[in-house]
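Down below is the structure, laid out as structure tokens.
The values are calculated or read from the model by the stated rules, or taken from the named source; none is laboratory data. As the structure is a computational prediction, the values presented were derived from the model and not from experiment. So basically every Cβ, Gly included, is an ideal-geometry build from the backbone, and we count neighbours across all protein chains shown.
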Amino acid sequence: MFSNSAISLAVVAMFVIALTGCGKKQGAGAPSPSAMAAVVVAAEAKAESLAETLAVVGTLTPNESIEVKSEIDGTVEGDAFHEGQTVKKGELLVRLDETKYNAVLTQAEANLQLSRATFDRTKQLVDDKTLSAQEYDQASATFHVNEATVALRKRELKDARIIAPFSGMLGARFISPGQVISKNTTLTWLVDLDTLKAEFNVPERFISEVKIGQQIEVRVAAYPKERFKGEVYFLAPQVDVNTRTLLIKARVPNPERKLRPGMFANLDLALELRERAIVIPESALLSMGERTAVYVIGADNTARLRPVTVGLRMPNQIEILTGLKVGEKVVTEGLQKVRPGGAVKIAAPPATGTNATPAGGRS
């Protein structure tokens, strides 16, 4: 199970004896203090911040994504946008031929001007008691209809220019200059890639441990050595009755735009953060059945076998819940040469090229 699984039967026997009564005095056959000390590698128990995590899988989705369409019929004028182009909010994407829309707007404004003059005259005549109220009402209605028509024509003219509602990246182009399009014609897609959303589900038994603001770590196959950080911002109001899971969403900053919507993601959701957890190398742990212990090196350079309780397991490291204090030294290499109460000599550890990052989790 552990890297020290090759410990000899003699060491295992000493482990059992130490747990059941290593406090007894040694007999006459015990080696003298002058016996040669066992050379071992040791490490100090350290206090580190550990996050208990829940391993889940999810999908990356865009922060904002729309299918860009036209609200009016028209002819695409000039050069259209470029595929894959990055645009800012309010930037022009497509311009339709505005000729007929300018013409109908001019006509509507002329009708409005005439109806306004007629309405003003009828109002004066009504005040002078020389015109009926019915004629006044007709002039008033015509004026307001023409006023609404001008507003409509102005909006149609505005719709001839399709602009970006938010900043993002454009997708494939489905139109060409000079093409006649109709309402609801798909022009392209606009996707915000600066921030993505990670959507995933957790089993209902973990609901009490999930909260808004918790941190997540995202891993994708395209960048196996990179980790992307995110934060939970949404918890679904109800559990899915079919899967008995809760939908959760987290925002993941994506300034370099390495992540893309639709990616499959492995996520580690931080459930609990322990600020001062006691951590030792995993190689220091002795295990037999349900019992676990470590060799602790005392001030007199003797090794004592001490039972411990294990917490989170991490790459090359392990959390100790009880049995050790910060700063105590434990034997990490040379366990097969150590006996309870025996003298040890601490050697320098071999050089390593990597350091384990504290992390622990459940799945």
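Observations on the structure shown:
- Residue list for the range 122-137, filter: on the phi < 0 side of the Ramachandran plot and either among the β-branched types (Val, Ile, Thr) or free of Cβ contacts under 8 Å to residues at least 12 places away in the same chain (or both): Thr122, Gln124, Leu125, Val126, Asp127, Asp128, Thr130, Leu131, Ser132, Ala133, Gln134, Asp137
- Residue satisfying condition, being on the phi > 0 side of the Ramachandran plot and within 29 Å of the chain's Cα centre (by Cα), within set Gly262, Gly230: Gly262
- Residues in the range 177-227 that are among the hydroxyl-bearing types (Ser, Thr, Tyr), in a loop (DSSP other than H, G, I, E, B) and either free of Cβ contacts under 8 Å to residues at least 40 places away in the same chain or closer than 28 Å to Arg257 by Cα (or both): 1 in all.
- Among the residues listed as Lys183, Lys197, the single one being at pLDDT below 95 and among the basic types (Lys, Arg): Lys183
- Residues that are closer than 14 Å to Val56 by Cβ, at pLDDT below 95 and of a type outside the set (A, V, I, L, M, F, W, C) within the range 246-271 comprise just one, Asp268.
- Of the set (1) acidic (Asp, Glu); (2) buried (at least 17 other Cβ atoms within 10 Å of the Cβ); (3) at pLDDT below 90, all apply to Glu275 but (2).
- Selection count where residues are surrounded by fewer than 21 Cβ atoms within 10 Å (Cβ to Cβ), polar (S, T, N, Q) and in contact with a helix residue (DSSP H, G or I) (Cβ under 8 Å, 6 or more places away or on another chain), scope the range 316-342: 2
- Scanning the range 117-146 for residues that are under 30 Å from Arg161 (Cβ atoms) and exposed (fewer than 15 other Cβ atoms within 10 Å of the Cβ) yields His144, Val145.
- The residues listed here are Arg173, Arg219, Arg205; of these, the one that is among the basic types (Lys, Arg) and exposed (fewer than 12 other Cβ atoms within 10 Å of the Cβ) is Arg205.
- Hey, Leu246 in contact with a helix residue (DSSP H, G or I) (Cβ under 8 Å, 6 or more places away or on another chain) and in a strand (DSSP E or B) or not: yes
- Summed over the range 187-217, the residues that are more than 30 Å from His82 (Cβ to Cβ) and aliphatic (A, V, I, L, M) give a count of 5.
- Filter result for Ala303 (touching a strand residue (DSSP E or B) at 6+ places or on another chain (Cβ under 8 Å) and either of a type in the set (Lys, Arg) or assigned to a strand (DSSP E or B) (or both)): yes
- Boolean, Ala80 is at pLDDT below 90 and in the same structural domain as Asn301 (by TED's automatic domain parsing): no
- Members of the range 228-242 found to be assigned to a strand (DSSP E or B) and either out of contact with any Lys or Arg (no Cβ under 9 Å at 6 or more places or on another chain) or without any contact (Cβ under 8 Å) to a residue 12 or more places away in the chain (or both), listed by number: Lys229, Asp240
- Put simply, of Asn111, Asn102 the only residue that is surrounded by 15 or more Cβ atoms within 10 Å (Cβ to Cβ), polar (S, T, N, Q) and either in contact with a Pro (Cβ under 7 Å, 6 or more places away or on another chain) or at negative phi (or both) is Asn111.
- In the range 234-258, residue nearest to Asn201 (Cα to Cα) [restricted to those that are of a type in the set (S, T, N, Q) and either touching a Gly at 6+ places or on another chain (Cβ under 6 Å) or surrounded by 17 or more Cβ atoms within 10 Å (Cβ to Cβ) (or both)]: Thr245
- Filtering Leu92, Leu50, Leu54 for residues that are within 34 Å of the chain's Cα centre (by Cα), within 24 Å of Phe166 (Cβ to Cβ) and aliphatic (A, V, I, L, M) leaves a single hit, Leu92.
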